[in-house]
1. Could you give the longest part of the chain that holds none of the chymotrypsin sites (Phe, Trp or Tyr not before Pro) found in DSSP loops with at most 15 neighbouring Cβ atoms within 10 Å?
2. Report the convex hull volume per residue for the stretch 199-254, counting only C-alpha atoms, in Å³.
3. Any of K245/K288; K72/K335; K106/K297 with alpha carbons more than 26 Å apart? Name them for me.
4. Nearest 20 debye, what's the magnitude of the dipole of the stretch 71-187 about its Cα centre given +1 on Lys and Arg Cβ and -1 on Asp and Glu Cβ?
5. Any idea what diffusion coefficient the stretch 221-336 gets from Stokes-Einstein, in µm²/s, Kirkwood Rh on alpha carbon pairs, 25 °C, 0.890 mPa s?
6. From the gyration tensor of the Cα coordinates in the stretch 70-122, what semi-axes in whole Å does the equivalent ellipsoid have, largest first, with each one equal to sqrt(5λ)?
7. What do you get for the angle between helix 6-35 and the principal long axis of the chain? Use alpha-carbon atoms, 0 to 90 degrees, nearest ten.
8. Return one quarter of the surface area of the convex hull spanned by the alpha-carbon atoms of the stretch 157-233, equal to its mean projected area, in nm².
Amino acid sequence: MFFNTMSDIDTLLKLVQADIDTIDSTMSRDMETLEAILDSRLIEILRYGLFGGGKRFRPLLMILSSRLCGGKGEQLYTLAIAFEYLHMATLFHDDVIDQADTRRGKPSVCKMCGTAAAILAGDFLHARSMEMVGKIGGKKPLEIFCRATSAMVDGEFIQLRNANTFTLSEEEYFAAIEGKTALLISAATEIGALYGGGEVEKQLALKEYGRNLGYGFQIVDDILDYLGDAQTTGKAVGNDLVEGKMTLPLILALQGADGGARGRIYNVLTDADERRLAFNEVCRFIEKYDGFALARKKAEYCIEEALRHLKLFLPEENRDRQILEGLARYALQRKK
């Protein structure tokens with residue numbers, strides 16, 4: 001079973017729909033449990049953020065990885081939603097940091113509910129996610145989860161430090177996205193393997209699958225920030241440029257540009273007002289010097305590396321392995 005065309009992707013999404021529905025129902029039950037002990041306004045904010053869209057990508061990866069190693073049972077889904085909670089906590093906080101008005105095509109939590117409410121709700125989801133992993137998974141999964149959380153914060157600080165550093169290298173870019181994106185996805189697949197009882201070799205294979213998938217996923221995200229359709233992605237294009245973030249398409253284009261063209265783009269980048277006005281010019285520059293195409297090749301390489309680590313799992317027709325392969329290919333083809 002291969003998932004290379006959009007019709008194949010539709011088939012893939014249908015295959016995982018039952019798991020996504022169970023993830024959503026598990027979160028709903030958890031919210032119902034919390035209603036008795038939490039402030040009603042907090043519950044309202046959590047429901048608004050958690051059920052306003054989302055692919056459930058991280059909990060789904062955890063479930064599939066666990067089943068590939070023998071995991072099963074209702075607790076698997078309860079453990080999995082910890083990854084959605086942590087992911088949503090970071091989005092609540094990101095929108096505060098970025099002063100974002102929209103998320104997934106509707107008002108962001110901070111726009112709708114206020115900055116303080118968004119920060120506090122994100123803090124609660126972070127705490128709840130750690131509680132779930134510790135209670136269900138135990139010490140080692142919690143250690144992995146906490147390392148990924150720490151790396152996410154560190155990755156954001158690296159990105160803050162790198163903001164308005166317009167000579168950023170490819171290596172520095174990958175260091176930032178490893179913490180920001182790749183290690184949480186890697187933690188989901190590694191903890192899934194561990195919870196499913198997989199041998200160390202399988203845990204490491206799924207860890208590396210997740211890490212490389214995370215790289216590929218983030219590179220595509222950074223391409224979409226230039227080339228995506230705002231109505232499809234649910235967020236405005238060009239945010240990275242406006243904020244002075246150097247992502248891979250622009251880094252690679254600057255590496256290949258001639259001196260005059262590079263100098264002009266550096267002049268644009270160093271002026272915040274210019275960055276707001278020069279989006280189309282920067283897009284043309286990246287296109288001319290193959291930044292989008294080269295970034296796409298890097299993403300494809302990362303996804304191929306992710307797929308290579310799944311070859312350990314036999315038989316090849318194993319449904320969960322095929323879906324993990326399909327999700328990796330979907331990461332390359334997605335439009336949002």
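1. 52-336
2. Cα convex hull per residue, to the nearest whole number: 98 Å³.
3. The answer is K72/K335; K106/K297.
4. The dipole magnitude comes to about 480 debye.
5. 155
6. Computed over the stretch 70-122, the values are 28, 11, 8 Å.
7. Here the helix axis deviates by roughly 60 degrees.
8. 6.6
The values are calculated or read from the model by the stated rules, or taken from the named source; none is laboratory data. Note that the structure is a prediction, hence the values are computed from the model and not measured. Neighbour counts run over all protein chains shown; Cβ positions are idealised from the backbone, glycine included. Keep in mind that these areas ignore ligands, DNA and RNA; they rest on the heavy atoms of the full protein, side chains included. Shrake-Rupley method; radii C 1.70, N 1.55, O 1.52, S 1.80 Å.
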